[in-house]
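What follows is a single structure, written as structure tokens, with notes after it.
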Amino acid sequence: MNLGDPDQRPAVRPLTGRQRTARAVRNGGEPTLEFAERVPYDTYTHASTLHTLQQPLSDDPGEMSFLVASQIMELYFGLTCHELRQAQQELRADRVWEALAPLRRAALHLEGLNAVWRSLRWMTPADFNRFRNLLGEGSGFQSAMYRRLEFLLGLRDPALIRPFHRQGQVYAELTAALAAPSVWDDVVALLARHGRDIPADLLARDVTDEHRPHAAVEAAWVGVYSDPGPDNHLRLLGEALTAVAEEFGDWRWNHLKAVQRTMGAKVGSGGSAGLAWLQRSTARVVFPELWSARTAM
């Protein structure tokens, strides 16, 4: 069964408010304990399937924490991508106010993503070393969903999709994500449509290349923030985007600290220089002109 296909998902029987009230009366206020078919909660969440996906490679009890934290992060990556794509749809239709809700949700999801690191604070190098070798070349560097999140946020390096070239569907999805405008590309185009002076060549640039900070975009944001009025939706957009960028930056910093705590400066499992590679990656700024414009405000 393909659970991604809406036509093949197990049916969840809807209930009206009146039906729920009638059932509560029949139950005398107690929860329903008998169901004709599968428990509805499991039908909706697939929890019974979800809890079969943790398959540690060792008997070390700490590995389960590492594995579950990694899987939770994957879910948050996907959820944040979902929100950013929704925001893009609204931005492309010039619905700035409507774009605020998915961006604010994305920032909160990233806040939850950051909280996952707390569950791994117990891990010392000795704790990690007990199962690290069993991971082989496996590394978070190889997360396809994380790459899609980076691409949506404007961090683009075509070389980073090469590890997936033998996974046809994943590679195709990443190639398409790389070729599509980022959230920041859509924001810059929106600023131009709202009368801000954005050069035509910047609007027509190759979006597969990473955006480079531009003085015109910075000036546009300085102008946007000069109007403190409550009807200035572009300023509200700037603050929603800032929250996303800030939480994502915190996640990258927390990742670096977790690596430093558990590995020091050892080489990474995926073949990178480990801590040094992460430090270079963290230096790349998301939505750069939103930050640099603050100097000129």
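The values are calculated or read from the model by the stated rules, or taken from the named source; none is laboratory data. Here the structure is a predicted model, which means the values were calculated and not measured. Neighbour counts are summed over all protein chains in view; Cβ atoms, including those assigned to glycine, are modelled from backbone coordinates with ideal geometry. To get the accessible areas, we keep the full protein, side chains included, count just its heavy atoms, and leave off ligands, DNA and RNA. Shrake-Rupley method; radii C 1.70, N 1.55, O 1.52, S 1.80 Å.
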* Could you tell me which of rounded, prolate or oblate describes region 163-297, using a ≥ b ≥ c as the square roots of the eigenvalues of the alpha-carbon gyration tensor, with rounded for a/c under 1.5 and, failing that, prolate when a/b is larger than b/c and oblate otherwise? => oblate
* To do: Quick one: dipole size for region 11-146, taken about the Cα centre, charges +1 on Lys/Arg Cβ and -1 on Asp/Glu Cβ, in debye to the nearest 20.
  => 580 debye
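State in Å² the accessible area per residue of the chain; use a 1.4 Å probe, count heavy atoms of protein chains only, and round to the nearest integer.
On the way: 16870 Å² over 297 residues.
Heavy-atom accessible area per residue stands at 57 Å².
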* For a paramagnetic label modelled at 7 Å from the Cα of VAL285 toward its Cβ, which residues of region 185-218 fall within the zone defined by backbone nitrogen distances under 15 Å? -> 211-218
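If each DSSP helix of 4+ residues adds -39,500 (n - 2.57) and the sum is divided by the residues in the chain, what number results at 222 nm, nearest 500 deg cm²/dmol? Write out the running numbers ahead of the final one.
Numbers: 14 runs with 176 residues, N = 297.
Mean residue ellipticity at 222 nm (helix-derived): -18500 deg cm²/dmol.
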* How far apart, in nm, are the 7 Å Cα→Cβ label points at ARG205 and ARG193? -> 2.0 nm
* Asked: So how strong a dipole does the chain carry about its Cα centre when Lys and Arg Cβ are +1 and Asp and Glu Cβ are -1, to the nearest 20 debye?
  -> 460 debye
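Keeping every protein chain in place, order MET263, MET145 by accessible area at 1.4 Å, biggest value first, i.e. largest first. Walk me through the numbers before you get to the answer.
On the way: MET263 20, MET145 55 Å².
I get MET145, MET263, largest accessible area first.
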* To do: Could you tell me which of VAL170, ALA204, LEU236 has its Cα farthest along the dipole of region 163-277 towards the positive end, charges placed at Cβ (Lys, Arg +1; Asp, Glu -1), taken about the Cα centre?
  => VAL170
* Asked: So between TYR44 and ARG130, what do we pick up on full extension, going 0.36 nm a residue minus the alpha carbon distance?
  -> 27.3 nm
* Structure fact -> Computed about the Cα centre, the charge dipole of region 96-224 from +1 Lys/Arg and -1 Asp/Glu charges at the Cβ has a magnitude in debye, to the nearest 20, of 540 debye
* Taking the simple approach of a point 7 Å from Cα along Cα-to-Cβ for both TRP253 and ASP94, what is their distance in nm? -> 3.8 nm
* Under 14 Å from the Cβ of GLU98, count the other residues' Cβ atoms, weight Lys and Arg +1, Asp and Glu -1, and hand me the total. => +1
* Quick one: which of 57-69, 245-257 comes out on top by average Cβ neighbours within 10 Å, and what's the full order, highest first? -> 245-257, 57-69
* When the accessible area of the chain is split by element with a 1.4 Å probe, what percent falls to carbon and sulfur? -> 55 percent
* Structure fact -> Classified through the alpha carbon gyration tensor (a ≥ b ≥ c as square roots of its eigenvalues; rounded if a/c is under 1.5, else prolate when a/b is larger than b/c, else oblate), the chain comes out oblate
